[in-house]
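Quick notes on the structure that follows.
Bear in mind that the values in this text are calculations on the coordinates, not laboratory data. Keep in mind the model is a prediction, meaning the values are calculated, not measured. As a convention, Cβ positions derive from the backbone with ideal geometry for all residues, glycine included, and neighbour counts pool all protein chains shown.
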Amino acid sequence: MNVKLIKLTKEYKDELISMIEEWKADQIANNTDCSPWAIFRNDCHDFDNYLENLELKEPDGKRVPDSVFFLLDVDRNRLLGAVDIRHYLNEMLLAEGGHIGDGIRPSERRKGYATEMIRLALIECKKLGIDRVLMVCSKSNVASAKTITNNGGVLENEAVGEDGKVIRRYWITI
């Protein structure tokens with residue numbers, strides 16, 4: 001597995017659009033979530049605006065500063081997924097969002113990429129001074145729970161989110 005986390009550049013515009021479109025088609029066809037939300041909040045077709053607004057630099061009252069990375073398959077030069085690292089937790093993130101939001105494009109799932117992407121994201125968390133990382137997932141999302149526990153996640157508890165769904169809250173000590 002020859003993968004690495006990268007910051008998005010204009011070089012990957014077409015790859016990004018392809019990945020986002022695949023993800024949105026899967027969401028419609030299979031009623032799945034699009035995560036991390038940060039990569040879906042702006043229109044990827046307006047690429048300059050997308051790139052400019054991909055990360056939040058200053059807190060805006062609701063959201064905290066974040067860093068967004070994309071998982072690149074180096075050999076195929078293909079974007080496989082993305083991870084959004086929130087620099088600290090506010091009340092909402094502590095309750096049900098966590099430090100890391102992540103996702104793998106539908107055609108690349110169940111190949112071990114998510115586990116590797118989280119491992120690499122934890123290195124980035126450490127660089128940001130985050131020593132204890134909160135990750136959450138829906139109780140029904142067995143694949144995400146496995147990815148989190150494969151990276152040292154310890155289940156703290158289950159809680160009911162704003163949407164009424166049960167979420168699992170895990171802590172990873174780096």
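Debye-formula intensities of the chain, expressed as log10 I(q)/I(0) at q = 0.13, 0.18, 0.19 Å⁻¹, are -0.62, -1.27, -1.42 (one equal scatterer per alpha-carbon, no solvent). Gain on full extension, evaluated as 0.36 nm per residue between residue 22 and residue 37 minus their Cα-Cα distance, stands at 3.9 nm. This ranking places 73, 60, 33 by how few other beta-carbon atoms lie within 10 Å of each, fewest first, which gives 60, 33, 73. State which entries of 127/165; 7/126; 10/146; 4/146; 10/165 exceed 27 angstrom in Cα-Cα distance in the structure shown. With Cα atoms farther than 27 Å apart: 127/165; 10/146; 10/165. Entry note, segment 36-174: relative contact order of 17 percent, from Cα contacts under 8 Å with a spacing of 6+ residues.
Over the residues of the chain, the helix contribution to mean residue ellipticity at 222 nm works out to -8500 deg cm²/dmol, using -39500 (n - 2.57) for each DSSP H run of at least 4. Comparing 132, 76, 63 in a Gaussian network model of the chain where C-alpha atoms under 10 Å apart are linked, the largest mean-square fluctuation is found at 76. Here 162, 116 are placed in order of increasing Cβ neighbour count within 10 Å, fewest first, which gives 162, 116. Relative to the longest principal axis of the Cα atoms of the chain, helix 13-30 runs at roughly 50 degrees.
Sorted on the mean count of surrounding Cβ atoms within 10 Å across their residues, most packed first, peptides 97-106, 134-143 read 97-106, 134-143. Modelled spin-label separation between residue 142 and residue 159, with each label point placed 7 Å from Cα along the Cα-to-Cβ direction: 2.6 nm. Taking one quarter of the surface of the C-alpha convex hull of segment 97-153 gives a mean projected area of 3.9 nm². Counting 0.36 nm for each residue step from residue 58 to residue 76 and taking away their Cα separation leaves a gain of 3.0 nm.
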